[in-house]
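Take a look at the structure below.
Every read-out reported here was derived from the displayed coordinates using simple, explicitly stated rules and does not represent laboratory data. Because the structure is predicted, anything quoted here is derived from the model rather than measured. Ideal geometry is used to build each Cβ from the backbone, glycine not excepted, and the neighbour counts take in all protein chains shown.
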Amino acid sequence: MVFIICACVGCSPTDSDESGHLALLEPALAWQEDELVVIAGVDWRPTEAVIEAMEHGVAVPLRITTRSFRRYGWLRILDRDRNHRYEVRYLPMLRSYQIADTKSDEQRNYPRLHMLVDSLRQPQPWATGLTRDDVASVTFQLEIRGQLDRTRLPSPMRMPVWFDPQWRAISSWQQWLLDDEVMDD
């Protein structure tokens, strides 16, 4: 069964007009106080199926993942894995769209979906958990990626959307090799 699912997902088209889109805009490294962060905006264009689901009460989960690996030559060992989770929903009584940070419970409302999407495009810091001392002691590889998190959708939706290209919005991994040069910035 797992093999069949993997084969279907692997063989399905990914670059159609109906597929979802999510990308990180100009990610760059910066120090905020003593922590290394990735500053980037999120370019998310929800498809018609995603918008329809929101209008029917589904909270659409977005996730930005930062992870760092300790590098020992060719060997990579996962050190930190951080997920920044958001939910985007439509509020019919208010006729507005809302984005909520699931960790801090911070919520922002927008009267139109395009305004919410524009706010995501604004650069913001994504925490990595790495400090100056961490980077000074060992070579790290840092990665960041954004995606529409289909695993956090309501259970009756998970299997059908797994094969639907309109629900496949995921960016590629952006990577940096952190060494002494990063310490000087």
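Tabulated values for the structure
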item: Rg and Dmax of the chain, Cα atoms only, in Å; result: 18.2, 56
item: Total formal charge among the other residues, if their Cβ is under 10 angstrom from that of His84, Lys/Arg +1 and Asp/Glu -1; result: +3
item: Cα-projected label distance for Gln32 with Leu78, points at 7 Å along beta-carbon direction, nm; result: 2.4 nm
item: Relative contact order computed over the chain (Cα-Cα under 8 Å; 6+ residues apart), in percent; result: 29 percent
item: Whole-Hz couplings from phi, Karplus 6.51/-1.76/1.60, listed for segment 160-167; x for Gly and Pro; result: x, 6, 4, 9, 8, x, 5, 9
item: Pair Glu55, His21: separation of 7 Å Cα→Cβ label points (nm); result: 2.0 nm
item: Inter-label distance for Arg85 and Arg132, nm, one decimal - labels placed 7 Å from Cα along Cα-to-Cβ; result: 3.4 nm
item: Mean projected area (nm²) of the alpha-carbon convex hull when segment 77-185 is viewed from all directions; result: 9.5 nm²
